[in-house]
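Contents: one structure, followed by commentary.
The values are calculated or read from the model by the stated rules, or taken from the named source; none is laboratory data. Note that the structure is predicted; figures quoted are calculated from it, not measured. So basically every Cβ, Gly included, is an ideal-geometry build from the backbone, and we count neighbours across all protein chains shown. Heavy atoms of the whole protein, side chains included, go into the accessibility calculation; ligands, DNA and RNA do not. Shrake-Rupley method; radii C 1.70, N 1.55, O 1.52, S 1.80 Å.
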Amino acid sequence: MPGVSVRGLSYEERRQLAVNLTRVLSLYRSILDAYIIEFFTDNLWGTLPCSWQEALDGLTPPQLATLLLEVPREGEVVRYRSVWPLTLLALKSTARALAFTRMPGFQTPSEFLENPSQSSRLTAPFRKHVRPKKQHEIRRLGELVKKLSDVTACTQVVDVGSGQVKSIEGDQRLVGRAQHLDRELLQTLEKGDQRNPQGVQASPRRSPHHVVRWVDATALCEELLLPLETSPRGGARLLLTGLHACGDLSVALLRHFSCPEVAALALVGCCYMKLSDPGGYPLSRWVAALPGSQLSYRLREGACHALEEYAERLQDEAPGLRTHCYRAALETAIRGARPELRRPGVQGIPRAHEIKIEQYVRRGLQRVGLDPQLPLDAAALGAQQAQENRVVAFFSLTLLLAPLVETLILLDRLLYIQEQGFHAELLPIFSPELSPRNLVLVATKQPLGQAFSLLETEDG
């Protein structure tokens, strides 16, 4: 979906965008706050305007992808079967106009044209143990970090929440695994050097330095700089990076950016629902002062959905789309048996879309500790299954709005950086089909001007 580019906005325009977002989200908060598993128990379809119901009722999943989410197949012509209400059309236009663009400077990553599971831009040793999604992310973020390090004269890169690269990670098991993979990679590269002496690089390879440490947003600077034994305290210029830094870890990195040793930041956040409330959002004074800026857990959770992936499932009419309907029917049965039990976690039921709705409900009852042999109303279950497309349509509405929530969260972070007198931009760096959280926040303490444009192309 097209959207607004951060780089085209002045500071005042960014603040106005925050105002517009909070107003729109307040108007449609009832949709965003809804849990799709309560579709039947809370009559979610009935909460929509009657004109919206008429426009959306009966639409097939591919039609929802094309008409509502505006993600048509290549060459597909958009044709409405009826005149849609202006309020629904306005919602579509607003969702497109106010959300940050998620489209990078390339259509399809060229690295996967030959083989969809192996990046042609990474040699075999660097692809080992790495899924295609992560191969793409490592390559793209690595290119950006290298370019950003060069233009900001950084001497060290600190990857926080690295999991498996100098890197800081709070889980000793992940650090141990990373060190094992480092040794394995170096051994592979050394064998390659022996086979091809002409290609041996002049400087020796060094393994990343791994540190087990929790990064605390309230313990600035010293906590992060302690692992930097190799540089004198006054000489380090650090680039902080975090690839899908979860919840408050993103906030910690943003707060650490104020340290004098930190010159640049490249941050891709995720798991917005895990942000502390308060403390994790809002961060900027501007957004915090706006009426309606509060974001509930449900809104922040919805902002983590993969719109492009769901649109593809709609276009393919994937059988798994009915799972939301099945789970909503199960919620009805659960509350019928135990009214006080609301939205319990249900372990995934394998291949749920391949079984009948009654079988699904009985297995679900058992998984939440209820009698699977409870009497079920077969007619009611059949009526609920007949509304499968309505469930999909309502969920599609939430996905249409979800990018606005993510935009407000990321905009708040941009404004937070700018309120401190620094510079921040937001770039769509990954293919959204491969990596749904694909927007990287780039912050520097000196304006980079046109240098940002060098980071946006596929080749970095």
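This table checks each residue for (1) more than 26 Å from Ala306 (Cβ to Cβ); (2) open to solvent by 30 Å² or more (accessible area, probe 1.4 Å); (3) modelled with pLDDT of 95 or more; (4) part of a helix (DSSP H, G or I).
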position	(1), (2), (3), (4)
Val361	yes, no, yes, yes
Arg390	no, yes, yes, yes
Leu400	no, no, yes, yes
Asp412	no, no, yes, yes
Leu434	no, yes, no, no
Gln446	yes, yes, no, no
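Considering only the stretch 254-289, state which residues are part of a helix (DSSP H, G or I), within 16 Å of Ser26 (Cβ to Cβ) and open to solvent by 20 Å² or more (accessible area, probe 1.4 Å).
Within the stretch 254-289, Ala288 is the sole residue that qualifies.
Screening Ile349 with (1) farther than 20 Å from Arg322 by Cβ; (2) in contact with a Gly (Cβ under 7 Å, 6 or more places away or on another chain) gives one miss only, at (1). The residue that is modelled with the highest pLDDT, counting only those in the stretch 103-117 that are within 30 Å of Leu408 (Cβ to Cβ), open to solvent by less than 50 Å² (accessible area, probe 1.4 Å) and not aromatic (Phe, Trp, Tyr), is Pro104. Exactly one residue out of Gly292, Gly242 is at pLDDT 90 or above and in a strand (DSSP E or B), and it is Gly242.
Here is a yes/no grid of residues against (1) part of a helix (DSSP H, G or I); (2) closer than 27 Å to Arg335 by Cα:
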| residue | (1), (2) |
| --- | --- |
| Arg7 | yes, no |
| Gln16 | yes, no |
| Leu21 | yes, no |
| Val24 | yes, no |
| Ser30 | yes, yes |
| Ile37 | yes, yes |
| Thr41 | no, yes |
| Ser51 | yes, no |
| Pro62 | yes, no |
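Residues that are in contact with a Lys or Arg (Cβ under 7 Å, 6 or more places away or on another chain), open to solvent by 10 Å² or more (accessible area, probe 1.4 Å) and in a helix (DSSP H, G or I) within the stretch 414-432 comprise just one, Glu419. Among the residues of the stretch 118-131, are any closer than 16 Å to Leu243 by Cα, modelled with pLDDT under 70, surrounded by 14 or more Cβ atoms within 10 Å (Cβ to Cβ) and within 22 Å of the chain's Cα centre (by Cα)? Checking the stretch 118-131: not a single residue is closer than 16 Å to Leu243 by Cα, modelled with pLDDT under 70, surrounded by 14 or more Cβ atoms within 10 Å (Cβ to Cβ) and within 22 Å of the chain's Cα centre (by Cα).
Counting only residues that are under 21 Å from Gly142 (Cβ atoms) and out of contact with any Cys (no Cβ under 8 Å at 6 or more places or on another chain), the stretch 251-263 holds 3 of them.
For the stretch 327-354, enumerate the residues that are assigned to a loop (DSSP other than H, G, I, E, B) and either of a type in the set (Gly, Ala, Ser) or within 31 Å of the chain's Cα centre (by Cα) (or both). Passing the criteria: Leu341, Arg342, Arg343, Pro344, Gly345, Val346, Gln347, Gly348, Ile349, Pro350, Arg351. Pairs meeting the criteria (first residue in the stretch 320-333 and at negative phi, second residue open to solvent by less than 50 Å² (accessible area, probe 1.4 Å) and among the acidic types (Asp, Glu), beta carbons under 6 Å, at least 6 apart or on different chains) are Arg322/Glu388; Cys325/Glu388. Can you tell me which residue in the stretch 87-102 is surrounded by the fewest Cβ atoms within 10 Å (Cβ to Cβ), limited to those that are more than 23 Å from Glu54 (Cβ to Cβ) and of a type outside the set (S, T, N, Q)? That would be Ala97. Taking the stretch 5-26, which residues are of a type in the set (A, V, I, L, M) and open to solvent by 30 Å² or more (accessible area, probe 1.4 Å)? The one that is of a type in the set (A, V, I, L, M) and open to solvent by 30 Å² or more (accessible area, probe 1.4 Å): Leu9.
It is to be established whether one or more residues within the stretch 329-349 are closer than 30 Å to Val158 by Cβ, at pLDDT 95 or above, open to solvent by less than 10 Å² (accessible area, probe 1.4 Å) and among the aliphatic types (A, V, I, L, M).
no
Being farther than 22 Å from Ser435 by Cβ and touching a helix residue (DSSP H, G or I) at 6+ places or on another chain (Cβ under 9 Å) narrows it down to one of Ala333, Ala306, so name that one. Exactly one residue qualifies, and that residue is Ala333.
Evaluated against (1) on the phi > 0 side of the Ramachandran plot; (2) exposed (fewer than 14 other Cβ atoms within 10 Å of the Cβ), Gly292 falls short on exactly one condition, (2). On the given criteria, is Trp84 open to solvent by less than 40 Å² (accessible area, probe 1.4 Å), under 30 Å from Ala329 (Cα atoms) and part of a helix (DSSP H, G or I)? Answer is no for this residue.
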